[in-house]
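Before any comments, here is the structure.
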Amino acid sequence: MELKRWQEEIVEIKDSDLAALETVLCGAHPGGFAVYLEELEAEHGASQCNVVWTYGAIAYRCRDCQINDASAICVKCFQEGDHRNHDYVMYRSESGGCCDCGDPSSWNPKGACKRHRHQDPLS
């Protein structure tokens, strides 16, 4: 019984610490932390896509945008990117993978979709 009470106290401490950190990050945003993150992403874009797929999913490779032979992007990022006149292929994944859109070490930033294209802060 004592162990369970101790675990509950730790969870309460962690939750209160997390709430304090969220307040530091977003201030007194009226919608709270989750709404703040949504608005931030809508205004500045997410830095990198977080789509992960499994066996059999459709994905794209663009030889003009990929950094290496394993680089790929999800359907949504491909459709929202500008790959006209590029050398690309749609394929069915045989092993699963993750979208490289927005990751400059795997995908050319010029080929990223509008949601994951890094904005130049000086422009």
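Values in this text are rule-based calculations from the coordinates and carry no lab data. This structure is a prediction, so every number in the text was calculated from the model and none was measured. FYI the Cβ positions are ideal-geometry reconstructions off the backbone, even for glycines, and counts take in every protein chain you see.
Computed values, structure above
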quantity	calculated
Estimated vicinal HN-Hα couplings, Hz - the stretch 61-76 in sequence order (Karplus 6.51, -1.76, 1.60; Gly, Pro = x)	10, 10, 5, 7, 10, 5, 8, 9, 5, 8, 5, 7, 9, 6, 4, 4
Rounded to whole Å, sorted largest first: equivalent-ellipsoid semi-axes of the stretch 71-119, Cα gyration tensor	17, 13, 9
In order through the stretch 80-92: 3J(HN,Hα) via Karplus (6.51 cos²θ - 1.76 cosθ + 1.60), integer Hz, x for Gly, Pro	8, x, 10, 10, 4, 6, 8, 8, 10, 9, 8, 9, 9
Distance (nanometres) between label positions extended 7 Å along Cα→Cβ at Ala19 and Lys110	5.0 nm
Full-stretch length increase - Arg92, Leu40 - with 0.36 nm per residue and alpha-carbon distance subtracted	15.4 nm
Cα-projected label distance for Asn68 with His29, points at 7 Å along beta-carbon direction, nm	3.4 nm
Overall dimensions of the stretch 33-80 by Cα: Rg and Dmax, Å	13.6, 39
Burial order of peptide ranges 106-113, 27-34, 71-78, 92-99 (average beta-carbon count within 10 Å, highest first)	71-78, 106-113, 92-99, 27-34
Residues with amide H under 5 Å from that of Cys98, placed H, sequence gap 5 or more	Trp53
